[in-house]
Amino acid sequence: MAIRITRDGDDGIEELTVGNEIIGRISEEPIYVTKPNLPPLEKLYPSLVAIWNRKILTNGGPFHQEFEMKLAEFLRVKHVNLFANATLALIVGLEALRISGEVITTPYSFVATTHALQWNGITPVFCDIDPQTMNIDADKIEALITPRTTAIMPVHVYGHPCETKKIQSIADRYGLKVIYDAAHAFGVTMNDRNLLLEGDMSILSFHGTKLFTTFEGGAIVTKDSTLKKRIDFLKNFGFADEVTVVGPGINGKMNELQAAVGLLGLEIVGDEIVKRRSIAQTYRSCLDLVKGIATFEPPGDVSYNYSYFPILVDEEEFGVSRDEVYERLKECNVFARRYFYPLISNMPTYRGLPSASKENLPIANEIASRVLCLPIYGELELRDVRLICDCIRNIAAGRP
Ligand code: T4K
């Protein structure tokens with residue numbers, strides 16, 4: 001029997017029917033994995049006028065200085081160094097700490113994490129992940145330490161906190177630095193303490209796909225004022241003054257437009273987290289009874305930022321593979337993403353490394369083959385969240 005679109009209503013949802021039975025609902029507009037949370041445009045106009053009047057566009061201008069200070073206050077951290085993006089921040093952070101040799105890291109991340117090591121001539125050593133948090137498995141780090149190891153670089157994947165205490169105690173025992181890729185962890189606290197205070201430094205991303213955005217952007221969070229100074233030099237070509245270059249610097253500076261957007265972003269990020277929390281709750285209540293779909297809830301001592309909403313698809317129980325769910329959701333106009341597939345260790349640039357073998361990384365390989373990040377952003381209506389869950393249930397039921 002033919003499938004028909006029976007309702008093309010003004011609520012943004014179309015119904016698919018066979019005979020009299022509604023077999024599915026589709027969003028009229030594409031729903032992407034995320035949508036940037038931008039301040040009202042009229043609030044930006046005065047900042048634009050100020051930039052145009054001052055003609056100070058970059059190199060640590062007034063908005064840059066103000067944002068750096070206000071961001072540190074907002075996050076309740078000691079020092080912040082703003083950057084043009086998080087990838088440059090990672091690269092400069094490693095250089096600032098003079099990291100070399102081998103660094104133990106996770107293969108389950110965005111590729112920029114490992115690229116930053118490569119750009120510094122450092123050998124990445126991949127460690128498997130914990131299936132509960134999808135972060136580096138702290139119990140497997142020690143076995144990977146060699147005389148060449150200088151640091152550990154974990155990632156708070158999706159903003160879920162790593163086992164920071166365990167990681168720090170290993171680092172202290174072996175004299176290693178700890179650099180957290182905290183690109184997803186804006187505003188996450190554990191026992192009311194900002195997660196960004198852990199380790200020797202944490203790196204944030206303010207990319208357009210992130211919870212808090214400056215279009216492109218990033219930051220390094222540190223506790224050490226000497227380190228903060230060295231990072232300031234390195235992100236500005238190594239210049240300590242007009243004529244003195246103190247290191248192999250780069251151009252990593254955030255510009256005035258980005259900083260102005262960031263200042264306004266601080267006013268709206270709290271509301272965004274609240275909206276995302278109710279989206280996550282809706283997803284959970286709709287999906288928790290679906291066999292073969294696992295969702296995640298951070299532990300009680302964590303104030304989470306809901307930056308992503310990952311699910312794991314168990315093909316055997318659900319009856320359909322993750323990749324099929326991903327493709328079939330597109331038919332519902334829903335564009336989920338397989339963050340983080342493929343694993344960094346399986347990418348051609350890194351798969352030749354001894355630590356990249358699948359035998360060394362069984363959990364990471366399994367999770368990467370099952371994960372799907374569903375759309376989550378403040379503007380996403382709960383009606384659309386339920387529609388996405390209906391699509392997933394229909395896929396399991398073998399409906400078109
Ligand atoms: N470390 C970690 C752990 C990271 O996740 C990242 C970045 C980094 C380091 C490096 O940070 P940055 O150097 O970028 O500051 C995205 C982002 O490009 C990347 O920043 C992010 N992680 C990664 C997880 O995701 P794509 O290729 O998935 O983005 P794209 O363009 O396909 O966007 C996804 C969806 O978002 C689109 O379908 C629509 C929506 N979107 C996107 C953009 C760019 C918008 O609505 N507006 C936009 O401007 O990589």
Legend entry - Condition met for Gly300 (open to solvent by 20 Å² or more (accessible area, probe 1.4 Å), small (Gly, Ala, Ser) and at pLDDT below 95): yes
Inset, instruction - Kindly establish whether Gly199 is more than 14 Å from the ligand (Cβ to nearest atom), touching a residue at least 24 places away in the same chain (Cβ under 8 Å) and under 19 Å from Arg76 (Cβ atoms). - result: yes
Inset, instruction - Working only within the range 110-135, note down all residues that are open to solvent by 10 Å² or more (accessible area, probe 1.4 Å) and either polar (S, T, N, Q) or in a strand (DSSP E or B) (or both). - result: Gln118, Asn120, Thr123, Val125, Gln132, Thr133
Inset, instruction - Collect the residues in the range 14-64 that are modelled with pLDDT under 95, more than 18 Å from Ile376 (Cα to Cα) and aliphatic (A, V, I, L, M), keeping them in residue-number order. - result: Leu16, Val18, Ile22, Ile23
Legend entry - Of all residues in the range 202-230 being away from the ligand (no atom under 16 Å from the Cβ) and surrounded by fewer than 24 Cβ atoms within 10 Å (Cβ to Cβ), the one that is farthest from Pro39 (Cα to Cα): Thr226
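Would you call Leu88 under 30 Å from Leu264 (Cα atoms) and open to solvent by 10 Å² or more (accessible area, probe 1.4 Å)?
When the stated conditions are applied, Leu88 passes them.
Let me confirm something: among Ala138, Ala183, which residue is of a type in the set (Gly, Ala, Ser), touching a helix residue (DSSP H, G or I) at 6+ places or on another chain (Cβ under 6 Å) and open to solvent by 10 Å² or more (accessible area, probe 1.4 Å)?
Just one listed residue meets the conditions, Ala183.
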Inset, instruction - Only one of these is free of Cβ contacts under 8 Å to residues at least 12 places away in the same chain, within 30 Å of Glu142 (Cα to Cα) and not assigned by TED's automatic domain parsing to the domain that holds Leu117: Pro348, Pro298, Pro342. Name it. - result: Pro348
Legend entry - Total residues in the range 153-184, condition outside any helix (DSSP H, G or I), of a type outside the set (D, E, K, R) and either away from the ligand (no atom under 16 Å from the Cβ) or in contact with a strand residue (DSSP E or B) (Cβ under 7 Å, 6 or more places away or on another chain) (or both): 13
Inset, instruction - Those residues that are open to solvent by 20 Å² or more (accessible area, probe 1.4 Å), within 30 Å of Cys389 (Cα to Cα) and within 16 Å of the ligand (Cβ to nearest atom), I need them from the range 333-365; list them, please. - result: Asn333, Phe335, Arg337, Arg338, Tyr339, Tyr341, Pro342
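The values are calculated or read from the model by the stated rules, or taken from the named source; none is laboratory data. All values reported here derive from a predicted model rather than from experimental measurement. Note that we place each Cβ from the backbone using ideal geometry, even for glycine, and neighbour counts take in every protein chain shown. For the accessible areas, the whole protein counts, side chains as well, though only heavy atoms, and no ligand, DNA or RNA atoms are used. Shrake-Rupley method; radii C 1.70, N 1.55, O 1.52, S 1.80 Å.
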